[in-house]
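Report on the following structure.
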Amino acid sequence: MTPLPFKALSITEHQQKTPLTLLDYVEPELAEGEILIEAVAVAQNPTDWKSIDTGRNILSLPWVVGGDVAGTVFKLGPGVTGFEIGDRVISFAERKTARHSAFQTYPIGDISRTVKLPESYTFEQGATIPLAFVTAGAGLEAALGVRLPAPPADLPAANKGEPLLVWGGSSSVGAFTIQLAKASGYTVISTASPKNHAYVKSLGASDVFDYHDSDVVSKIRAAAGDKLALVYDSISENGSIEASVASVTAPAGIVAVILAPNPEQSTDKVKVVQTGARVASEDPQVGRTVYGMLEALLEKYALVPNPVRLMPGGLLGINEGLQLMRAGKVSGEKLVYRVRDTAF
Ligand SMILES: NC(=O)c1ccc[n+]([C@@H]2O[C@H](COP(=O)([O-])OP(=O)(O)OC[C@H]3O[C@@H](n4cnc5c(N)ncnc54)[C@H](OP(=O)(O)O)[C@@H]3O)[C@@H](O)[C@H]2O)c1
């Protein structure tokens, strides 16, 4: 295949309102433990538009966003072992410089945030996984104290007879949280819009409730019995934290949230704890567990990727996807772009 040009979908103004454009760049130098990835597919996350609109985590201009990339190893940096040129990989882009973000033809990947992608997954499916999976795994392990089974142990773990609520099971993060909680031996209860109930059950939830229903909390409490202590709120806005807290039926509980909570949302009985993908890089033990689990699940073809909504236009098509997400028009799916669909 012909090499791609070095082009990045670039933010050129602070809080840019106009469509992002492609800018050229030169092939970057790699540091210890880094690889250059030839991107095949990239996926979009809410943090992409939030970063652009608020300026958060945009460290210089021009900047590039994007957390999820699937592709092949194009070049190895110093000290890299375990990867070879041409390997199929997925990587959770670090976004510490413009060159370490996903929305470009050759993003830099850190090997501690990269795993091999078996042939059983397409690149488009693979791109849906890294950022949301790591957020799910880190929150379960670090905030809720769920012990993810240590690969290569048999998966899933035996059922513990204990419930765990995942608020927002049709979201990208929620979908992976359900699968990880089930694989760790919990009976999973979740919430979603009715059109996504069958999908959320297919991921492993035993009961799914409509979060628009004014009785949703009492229905969850009735289904959970008196042992619901752990809640992963994969939405963490628009009343979901309060509803998650109210759903706890055990004498004490924890609600893990992935957006900043208001300190008053904790109660005497239920602690609201902030978590996020960042925990996996801040705590190397959590990182190793979560990426190890990811590798093991992929090898066993035991991880269901998010349903792919393939968007037209390659990297330039991301402009349309950003608008869809801003308008809240993404439901039970991940927006994915094939890099070679870009009109360079
Ligand atoms: N801190 C971190 O590290 C981190 C990492 C990843 C994501 N996040 C944040 O987590 C949130 C979710 O991200 P994502 O990528 O998973 O989002 P997403 O997949 O784009 O979310 C869309 C889904 O959210 C569901 N939803 C919306 N409001 C809901 C509510 N009140 N209750 C239950 N479900 C609701 C919708 O369900 P229905 O269509 O079924 O109604 C839809 O399927 C975003 O705010 C994101 O910024 C934080």
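Give me the net charge of Leu36's neighbourhood, meaning all other residues with Cβ under 15 Å from the Cβ of Leu36; Lys, Arg count +1, Asp, Glu -1. For residues surrounding Leu36, the net value is -4. With Cα atoms as the point set, the radius of gyration and Dmax of segment 1-146 evaluate to 15.1, 48 Å. Other residues whose C-beta falls under 12 angstrom from the C-beta of Ile85 contribute a net charge of -1, scoring Lys and Arg +1 and Asp and Glu -1.
The length gained by stretching the chain between Thr12 and Arg340 to full extension, at 0.36 nm per residue less their Cα-Cα distance, is 115.8 nm. Against the compact-protein benchmark of 2.2 N^0.38 Å, the Cα-based radius of gyration of the chain scales to 0.98.
If the segment from Asn262 to Ala153 were pulled out straight at 0.36 nm per residue, it would be longer than the present Cα-Cα gap by 35.4 nm.
Relative to the dominant Cα principal axis of the chain, helix 314-326 is inclined by about 30°. The convex hull defined by the C-alpha atoms of segment 58-103 has an orientation-averaged projected area of 3.6 nm². Cut-off 10 angstrom, C-alpha nodes, Gaussian network model of the chain. Which of Ala127, Ala260, Ala181 fluctuates the most? Of the options given, Ala260 has the highest mean-square fluctuation.
Enumerate the residues in segment 73-89 having an amide nitrogen under 14 Å from the point lying 7 Å beyond the Cα of Glu119 toward its Cβ. Residues passing the 14 Å test: 87-88. Residue ranges 106-117, 288-299, 25-36 sort as 106-117, 288-299, 25-36 when ordered by packing (mean number of other C-beta atoms within 10 Å per residue, highest first).
Our analysis of segment 257-344 gives Rg over Rh at 1.09, with the two radii drawn from alpha carbon positions and Rh computed by the Kirkwood formula. Suppose R0 equals 35 Å; then what is the FRET efficiency for Glu242 and Met1 from their Cβ-Cβ distance, rounded to the nearest 0.05? The pair Glu242/Met1 has a calculated efficiency of 0.10. When DSSP beta bridges are restricted to pairs lying wholly in the chain, around 55% turn out antiparallel. The heavy atoms of Thr12 present about 60 square angstrom of accessible area, all protein chains included, probe 1.4 Å.
If you wrap the tightest convex hull around every Cα atom of segment 104-255 and split its volume per residue, you get 137 Å³.
The values are calculated or read from the model by the stated rules, or taken from the named source; none is laboratory data. Keep in mind that what you see is a predicted model, and the values were worked out from it rather than measured. Using ideal geometry, Cβ is built from the backbone for each residue, glycine included, and neighbour counts are taken over all protein chains shown. With ligands, DNA and RNA removed, areas are computed over all heavy atoms of the protein, side chains included. Shrake-Rupley method; radii C 1.70, N 1.55, O 1.52, S 1.80 Å.
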